[in-house]
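Chemist: Structure below; questions to follow.
The values are calculated or read from the model by the stated rules, or taken from the named source; none is laboratory data. Predicted model, so just to flag it, every value in this text is computed and none were measured. Every residue, glycine as well, gets a Cβ built from its backbone with ideal geometry; the counts of neighbours run over all protein chains shown. Remember, those area values only see protein heavy atoms, side chains included, never the ligands or the DNA or RNA. Shrake-Rupley method; radii C 1.70, N 1.55, O 1.52, S 1.80 Å.
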Amino acid sequence: MKRFLKLYMIEQKLALRSSDMLTFGVAMPVGVLILINMIAGSKQAGAGFTYLDSSFASLIAVGICASAFMGIPLTIADYRDKKILKHFFTTPCSPMWILGSDMLCCGVTALLSAVSVAFVSVVFLGYKMQGNVLAFMGSWLLTLVSMFSIGLLMASLCRTVKSVNAVTTLVYFPMLFLSGATIPYELFPSGLQKATGVLPLTQGIKLMKAVSMGAEIENVWKIVMLLVGITLICTVVSVKTFRWE
Amino acid sequence: MNACIEVKDLTKSFNGRVVVDGITFHVEEGEVFGLLGHNGAGKSTTIDLLLGLKKPDCGTGTIFGLDPRTNRKAIFERVGVQLQSSNYQNNIRVDELCKEMSALYKKPEDYHRLLQFFSLEKFEKSQVNKLSGGERQRLSVALALINKPEIVFLDELTTGLDTAARREVWRHLKELKKKGTTIFLTTHYMEEAESLCDRIVLIKDGSKVTEGTVKNVIENSPYENLEEAYLWYMGEEVTQ
C-alpha cells in the first residue's frame, strides 16, 4: 500500500504538471459558472429556481466529463503506446497499479473541479443547495463511476493513440455541449432535449440536478439503474477487451 | 557454471507466420550473452516469450528454473528488464522516474548511486525528454538495475546511438559484468557483440543458425571477424 501510494503521488504530480486537465476540468467550469452568473444568475429559469440553481449540478459534472472522456482514455492510450504498461509486466507489480493510480488521479481532478465550482458558487455567488447535500454527493459519485467506466471502455476498444484522439473528440464535445453540462438544458428546443437524452452524461446530470434542486424526481430509480447498468457493462467489456500493448 | 536461463524448442507464430521456430539455448550465470540477428529475425519475440509477456505455442523458457508466466513476482524481483524503444511519461523528471521504479520493488537500490554509476547524477532534476539519446539509454539501463538484479535483459540497447554514446554505454556494461551480473542482450551490431559478449546465438527467420563463444563462431566460418562471419552465416554475400 505504501509503495502504491508512492507511485500514485508521482503520477498525481505529473497530472498536475500538465495543465490540460486543470484547464479543461477545473478552470473551464468555473469560468462558465461566473459567465452564466453574470448573464443570468438570478433570473428565473423555471418555476422557483434560477439559472444558477439549475446550472450548478451541470457545471459540477464538467470535471467528470473531462477526466472520464479525456483524462482516462488519453493517458492509458499514451502509456500503452510508450510501452509503460508493458514494462509493468516485467516488474513484480501488476500493470493494475499504474492503471489504478491514474484512475485515482482522474478522480482527484474531477473532485478538485467539483470543489472549485462549489466553493465559488457558495462563497461568491451565494448559492444554497435546496436538496440534500449527502444525496447530491452520492449522485455525483455514481455519475463519476459510470462515466469512468465509459472512459475505460474507450481506452480498451481503441488500439492506437490516433483512434483514441478521434473517439475522445467524438465523445467529449457532444457530451460537454449537449448534455447540459455547459449550456443549460432548459434552453434546448424540446426535440433536441429528447435527442440528447440518450447521452449517458445527460442522465447523470439529470439525476444530480434533480437531487440538488430537491425536486421530486420522476424515474429517479430508473436513472440510477441505468447508470449502474452502464458501469457494470462497460467495466466487464473493457476488462475483457483490454490490451496492454 | 550454472545455467540461469534455459530455453527449449521455443516456438511462436502470429497469424500463421512462424516468428520463433524451435529455438534452444541456455545462459550461464555471470556471462554476457548475445542474441544476434537481423531486424525482424525474432529477437524481441524471443525475449517476450522468455519473460512471459507472450505465450509460446510450444516449448519452454525458464529463468532460475521457474516459468515466468506463473512465477512473475518471484522472478522480477531478481531480474531487470529494458524493453526495446520504451518511452516514459511526459514531463517526468529523472528523479521521479527513479522513485516510481523503486516503489515497485521490495528492496530497491539507492537510485543516487545508480545515477552516479552511469554518470547521470547531474541530470537528477532534468526532464527525461530533454536528455540526449545516449543519456536516455544509460538511464534506461540504470532503471533496469534498480532492483539489484542478478540477470538484466537489454533489448536493442544501442540502436540509434552515435559511436561515442554507444561506447560509453559499453563501458558501463563492462563494469556491470565485473560485478557478476548476468547480461542478456540483443543487438544487430556485430562490433557490439564482439566487444561485450562471452557467448552468442545467431538467429535467422526465427531459427538458430549457430552458437558459441565469439571466437568459436568466427573460427567456424571462413572469415576473420564477426561481422563477415555473421553475414556468411546469414547466407549473404560478403564484400571485401
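Chemist: Looking only at segment B:28-58, how many residues end up being hydrophobic (A, V, I, L, M, F, W, C), more than 22 Å from residue A:89 (Cα to Cα) and either open to solvent by 10 Å² or more (accessible area, probe 1.4 Å) or touching a Cys at 6+ places or on another chain (Cβ under 9 Å) (or both)?
Modeler: Within segment B:28-58, residues that are hydrophobic (A, V, I, L, M, F, W, C), more than 22 Å from residue A:89 (Cα to Cα) and either open to solvent by 10 Å² or more (accessible area, probe 1.4 Å) or touching a Cys at 6+ places or on another chain (Cβ under 9 Å) (or both) number 3.
Chemist: Within segment A:119-130, does at least one residue satisfy the condition of being open to solvent by 40 Å² or more (accessible area, probe 1.4 Å), farther than 23 Å from residue A:169 by Cα and of a type in the set (S, T, N, Q)?
Modeler: Within segment A:119-130, one or more residues are open to solvent by 40 Å² or more (accessible area, probe 1.4 Å), farther than 23 Å from residue A:169 by Cα and of a type in the set (S, T, N, Q).
Chemist: Just to verify a result, which residue in segment A:201-235, among those that are small (Gly, Ala, Ser) and assigned to a helix (DSSP H, G or I), is nearest to residue A:147 (Cα to Cα)?
Modeler: In this case the residue turns out to be A:204.
Chemist: Continuing with the same structure: Sort out which residues of segment B:11-40 are among the charged types (D, E, K, R) and in a strand (DSSP E or B), and write them in order of number.
Modeler: B:12, B:17, B:21, B:28, listed by residue number.
Chemist: Right, next: Return the total of residues in segment A:82-114 being closer than 23 Å to residue A:19 by Cα, more than 8 Å from chain B (Cβ to nearest Cβ) and not hydrophobic (A, V, I, L, M, F, W, C).
Modeler: Number satisfying all stated conditions: 6.
Chemist: Quick one: would you say residue A:94 is touching a residue at least 60 places away in the same chain (Cβ under 8 Å) and either among the polar types (S, T, N, Q) or crowded, with 17+ Cβ neighbours inside 10 Å (or both)?
Modeler: Here the answer is no, as residue A:94 does not meet what is asked.
Chemist: While we're on this one: Return yes or no: is residue A:198 surrounded by fewer than 19 Cβ atoms within 10 Å (Cβ to Cβ) and within 20 Å of the chain's Cα centre (by Cα)?
Modeler: yes
Chemist: If only one of B:229, B:165, B:193 is open to solvent by 10 Å² or more (accessible area, probe 1.4 Å), at negative phi and of a type in the set (Gly, Ala, Ser), which one is it?
Modeler: B:165 is the lone residue from the list that is open to solvent by 10 Å² or more (accessible area, probe 1.4 Å), at negative phi and of a type in the set (Gly, Ala, Ser).
Chemist: Right, here's the next one. Considering only segment A:1-67, give the helices (runs of 4 or more DSSP H) lying wholly within it that have at least 2 residues that are in contact (Cβ under 8 Å) with a residue 40 or more places away in the chain and within 14 Å of another protein chain (Cβ to nearest Cβ).
Modeler: Answer list for segment A:1-67: A:2-17.
Chemist: If residue A:16 passes every condition in (1) of a type in the set (A, V, I, L, M, F, W, C); (2) surrounded by fewer than 18 Cβ atoms within 10 Å (Cβ to Cβ); (3) over 18 Å from residue A:100 (Cα atoms) but one, which one does it miss?
Modeler: (3)
Chemist: If residue B:156 meets every condition in (1) crowded, with 18+ Cβ neighbours inside 10 Å; (2) on the phi < 0 side of the Ramachandran plot apart from one, which number is that one?
Modeler: That leaves (2) as the condition not met.
Chemist: OK, next. All but one of (1) crowded, with 18+ Cβ neighbours inside 10 Å; (2) over 16 Å from residue B:155 (Cα atoms); (3) β-branched (Val, Ile, Thr); (4) within 14 Å of chain A (Cβ to nearest Cβ) hold for residue B:7; state the number of the condition that does not hold.
Modeler: That leaves (4) as the condition not met.
Chemist: Do you know which of the residues in segment B:140-156 that are away from chain A (no Cβ under 13 Å) and touching a Phe, Trp or Tyr at 6+ places or on another chain (Cβ under 7 Å) is nearest to residue B:37 (Cα to Cα)?
Modeler: Step by step, filter segment B:140-156, then rank; the result is B:141.
Chemist: Additional query: For segment B:120-134, which positions are in contact (Cβ under 8 Å) with a residue 24 or more places away in the chain and either away from chain A (no Cβ under 14 Å) or among the hydroxyl-bearing types (Ser, Thr, Tyr) (or both)?
Modeler: Result: B:120, B:123, B:124, B:126, B:131, B:132, B:133, B:134.
Chemist: Of the numbered conditions (1) among the hydroxyl-bearing types (Ser, Thr, Tyr); (2) open to solvent by 20 Å² or more (accessible area, probe 1.4 Å); (3) closer than 27 Å to residue A:8 by Cβ, residue A:185 satisfies every one except a single condition; which is it?
Modeler: (3)
Chemist: Which residue is farthest from the other protein chains (Cβ to nearest Cβ), if the candidates are limited to segment B:59-70 and must be within 21 Å of residue B:14 (Cα to Cα) and open to solvent by 30 Å² or more (accessible area, probe 1.4 Å)?
Modeler: Result: B:59.
Chemist: In the set B:73, B:99, which member is within 14 Å of another protein chain (Cβ to nearest Cβ), free of Cβ contacts under 8 Å to residues at least 12 places away in the same chain and open to solvent by 40 Å² or more (accessible area, probe 1.4 Å)?
Modeler: Step by step, each of B:73, B:99 is checked, and only B:73 is within 14 Å of another protein chain (Cβ to nearest Cβ), free of Cβ contacts under 8 Å to residues at least 12 places away in the same chain and open to solvent by 40 Å² or more (accessible area, probe 1.4 Å).
Chemist: A further question on this structure: I need every pair where a residue in segment B:158-170 that is basic (Lys, Arg) has its Cβ under 8 Å from the Cβ of a residue that is open to solvent by less than 60 Å² (accessible area, probe 1.4 Å), sequence separation at least 6 or different chains.
Modeler: B:166/B:134; B:166/B:158; B:166/B:192
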